[in-house]
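The values are calculated or read from the model by the stated rules, or taken from the named source; none is laboratory data. Because the structure is a prediction, the values reported are computed rather than measured. Cβ: placed from backbone, ideal geometry, glycine included. Neighbour counts: every protein chain shown. Quick note on the areas: whole protein, heavy atoms, side chains included, nothing else; ligands and nucleic acids left out. Shrake-Rupley method; radii C 1.70, N 1.55, O 1.52, S 1.80 Å.
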Amino acid sequence: MSIKELLYQAIELKRNLSQIQYLNPILQRDKINERLSVLLLTPVPKKRKDLCAFHNRIHKYREFIFTFLFHEEVPPDNNASKRAIRNVKVKQKVSGQFKTEDGAQFYAVIRSVTDTCIKNLQNVLDAFKTIAIFQPE
């Protein structure tokens, strides 16, 4: 079994866990951790420096790899984080840069309010109207 297959098994387990199961010991979760330990004991060819570096990182951060199996609110991927920074990267790519520090800060605040409204299923324009009304003088 490879680390890739093990991660897929862990993600599948996450999909099937109930809220109560996160608090209790689970045999499947323990087996996944045991398999990771066995995989980390497998020697890696020294010629493959990229594979050695990956193996060392997995070994160093192994206690954090399956955090999502112990906490319901933790997703098994970082897709939300990538989506959150995508707009900033597109803006940077189109214009090449932010012209001033203040401009970058204003953009960050506007994006933050916009993304928060979207995540909370609120109307973005209504939120900005409310901010404009209560803006201090």
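State the dimensionless ratio Rg/Rh of the stretch 1-134 (Rg: radius of gyration of Cα atoms; Rh: Kirkwood radius). We get a ratio of 1.13 for the stretch 1-134.
Legend: residue pairs LYS31/LYS60; LYS93/LYS129; LYS47/LYS82, Cα-Cα distance threshold 31 Å; pairs beyond threshold, LYS47/LYS82. Compared with the direct C-alpha span, the chain from ASP102 to GLU34 gains 19.4 nm at full extension, assuming 0.36 nm per residue. Ranking ALA108, LEU69, GLN9 by Cα position along the charge dipole of the chain, where only Lys, Arg, Asp and Glu carry charges on their C-beta atoms, puts GLN9 farthest toward the positive end. Pairwise alpha-carbon distances in the stretch 98-137 exceed 11 Å for 66% of all pairs. Excluding ligands, DNA and RNA, the accessible surface per residue across the stretch 1-110 is 79 Å² with a 1.4 Å probe.
Compute the whole-percent fraction of alpha carbon pairs in the stretch 36-102 spaced more than 15 Å apart. More than 15 Å apart: 71 percent of the Cα pairs in the stretch 36-102. When the trypsin sites (Lys or Arg not before Pro) in the stretch 38-137 are filtered for DSSP coil states and for at most 10 other beta-carbon atoms within 10 Å of their beta-carbon, the remaining sites are LYS46, LYS47, LYS99. Angle of helix 101-119 to the longest C-alpha principal axis of the chain, folded into 0 to 90 degrees and rounded to 10: 70°. 3J(HN,Hα) along the stretch 33-40: 5, 5, 5, 5, 4, 5, 4, 6 Hz, from the Karplus curve 6.51 cos²θ - 1.76 cosθ + 1.60 with θ = phi - 60°, whole Hz, x for Gly and Pro. Pairs of Cα atoms nearer than 8 Å and 6+ residues apart set the relative contact order; for the chain it is 18 percent. Charge dipole of the chain (Cα centre as origin; +1 on each Lys and Arg Cβ, -1 on each Asp and Glu Cβ, all else neutral): 840 debye, rounded to the nearest 20.
In plain terms, the chain from VAL74 to VAL113 could stretch by 11.8 nm, reckoned as 0.36 nm per residue minus the Cα-Cα distance. Sparse packing (at most 10 other Cβ atoms within 10 Å of the Cβ) combined with a DSSP loop state is found for the following GluC sites (Glu not before Pro) in the stretch 1-78: GLU73. Compute the Cα gyration tensor for the stretch 65-137, then decide on rounded, prolate or oblate, letting a ≥ b ≥ c be the square roots of its eigenvalues: rounded whenever a/c is under 1.5, prolate when a/b is larger than b/c in the other cases, and oblate in all that remain. Cα axes put the stretch 65-137 in the oblate bin.
Tell me the mean residue ellipticity at 222 nm calculated for the chain from its helices only (DSSP H runs of n ≥ 4, each -39500 (n - 2.57), averaged over every residue, nearest 500). That calculation yields -21000 deg cm²/dmol at 222 nm. In order along the stretch 50-66, the phi-based Karplus estimate (6.51 cos²θ - 1.76 cosθ + 1.60, θ = phi - 60°) of 3J(HN,Hα) comes to 5, 5, 4, 5, 4, 4, 5, 5, 4, 5, 5, 10, 4, 6, 9, 5, 10 Hz; Gly and Pro are listed as x.
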